[in-house]
């Protein structure tokens, strides 16, 4: 954004105003799709003109410009249809309560009628204030494809009233998806997911919102240690823990404690608790694996998720030994993603290096990501080198 | 939100049901096929699932390094090569099931007699970026 001789626009501030401005337009009578388009145009205009002419009231400026764009659009449409232009009264600007508008947008953009990909794209644009191009780059698809996805999503929710709350769980699933996408392109989606979850937590009292925010912070804090400069993966046990962001860990733990104190456990709180136990251990040996297993028991109880069961088997292997871990693993479906990788790890831990080397190689062939494949291939190579 | 490669083979895929080579179709059948392929791509664009689509020339060259200071060695094309890629679509879809559905639609492209070719298409998932919460 920063060009020479130009002061940069605070893009985060600009983007954080997006949902509230859309909300104002919708309350003035614009339909969501048109309001959203108008606000995008106002954002582009802001990035262009603010460096030379910063407004005193950024939000007021955006509302004014977006509303004007919206009216232009309406008039153009009316003229095109050769009908008498509908009369749009300029409303009296008054104090704006942005909280409910923004919250309503979270619910709208994560509406259950949307597919996950559509909900993610719409959330990033209408709530996150990202441009279609930025979202397209982050998800490695052509801009035209992302534009289509967003306009279809807008059509899908066009009949949904913006003034009622939805299910928080659907919003959290969308934010979790954004977070897990990590970062490619120039937008850090993990950081963006944290920002959006933080805004949500400020607007709604919900222990699972806090749980998800804590989970994101606790994972994000480990990011600097998670990969080597060449991009290769560093497993948790081998991470340089001095690289963990201790302030972020502390914040995550504090938020989690606040959530747990409400005594309404949910899956994100349970996942965050596990992440907190890892973050709390200065060395891998100090990890309280017994407690980790207990939290996985909770997570399995809450979600009945096969992935949680698989991770539980790893934790059991640490808490009670490789044989116990393998016994836990034996109860699971071998076709689960990463099942073979876990099996390889437990076999190595049990001293079966030949079996482990074979399993690591098999796991590499099934790996869903290149980083994991490379990591597992190196594990196999390491054991094969020892075995000779 | 997963990307898949939809591979069309000149050679190497199992034999389709309607197995008549294209040069034995009527010109109208060829045109109908081309229209179908074009419409398929347009539909993918409209649904926001299109990433890429390309067709490849059947004849290519094999190339390999031949040591320091020497030009690369080229060879081929090898008529005996079993697998020959004709082209691909890259799609970005919500699920494996959706990818299978789209591959099925593409396989129904009309061929000889205006009937579906029932061509075997290969569906290959992309390796993903490593996700954050899997360690």
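Readers should treat all values here as calculations from the given coordinates under stated rules, not as data from a laboratory. All of these numbers come straight from a predicted model, not from anything done at the bench. Please note: Cβ atoms are built from the backbone with ideal geometry, for glycine as well, and neighbour counts cover all protein chains shown.
With respect to the conditions (1) farther than 20 Å from residue A:238 by Cβ; (2) part of a helix (DSSP H, G or I); (3) out of contact with any helix residue (DSSP H, G or I) (no Cβ under 7 Å at 6 or more places or on another chain), residue A:381 lacks only one, and its number is (1). All told, residue A:200 falls short of being in contact (Cβ under 8 Å) with a residue 40 or more places away in the chain, touching a strand residue (DSSP E or B) at 6+ places or on another chain (Cβ under 7 Å) and either under 24 Å from residue A:25 (Cα atoms) or buried (at least 18 other Cβ atoms within 10 Å of the Cβ) (or both). In segment A:299-306 there is at least one residue matching the filter, namely being within 14 Å of chain B (Cβ to nearest Cβ), loosely packed, with under 15 Cβ neighbours inside 10 Å and in contact with a helix residue (DSSP H, G or I) (Cβ under 8 Å, 6 or more places away or on another chain).
Mind counting the residues in segment A:149-158 that are at the interface with another protein chain (Cβ under 7 Å from one of its Cβ atoms) and either surrounded by fewer than 21 Cβ atoms within 10 Å (Cβ to Cβ) or part of a loop (DSSP other than H, G, I, E, B) (or both)? Give the derivation first.
Filtering segment A:149-158 for residues at the interface with another protein chain (Cβ under 7 Å from one of its Cβ atoms) gives A:149, A:152.
Within this subset, residues satisfying the condition of being either surrounded by fewer than 21 Cβ atoms within 10 Å (Cβ to Cβ) or part of a loop (DSSP other than H, G, I, E, B) (or both) are A:152.
Matching residues across segment A:149-158 total 1.
Evaluate the following for residue B:38: is it loosely packed, with under 13 Cβ neighbours inside 10 Å, outside any loop (DSSP other than H, G, I, E, B) and out of contact with any helix residue (DSSP H, G or I) (no Cβ under 7 Å at 6 or more places or on another chain)? Criteria met by residue B:38.
Select the helices (runs of 4 or more DSSP H) contained entirely in segment A:182-234, then report the ones holding at least 2 residues which are within 13 Å of chain B (Cβ to nearest Cβ) and under 17 Å from the mean Cα position of the chain (by Cα).
Values: elements: A:189-203, A:207-220, A:223-226.
It comes to A:189-203, A:207-220.
For segment B:4-29, a tally of residues being out of contact with any helix residue (DSSP H, G or I) (no Cβ under 9 Å at 6 or more places or on another chain) and either buried (at least 16 other Cβ atoms within 10 Å of the Cβ) or assigned to a strand (DSSP E or B) (or both) returns 6. Only a single criterion out of (1) surrounded by fewer than 22 Cβ atoms within 10 Å (Cβ to Cβ); (2) in a helix (DSSP H, G or I) is not satisfied by residue A:336, namely (2).
Residues in segment B:50-88 that are surrounded by 11 or more Cβ atoms within 10 Å (Cβ to Cβ), out of contact with any helix residue (DSSP H, G or I) (no Cβ under 7 Å at 6 or more places or on another chain) and within 14 Å of another protein chain (Cβ to nearest Cβ): B:52 alone. Within segment A:124-148, restricting attention to residues that are within 16 Å of the chain's Cα centre (by Cα) and part of a loop (DSSP other than H, G, I, E, B), the residue that is farthest from residue A:109 (Cα to Cα) is A:139.
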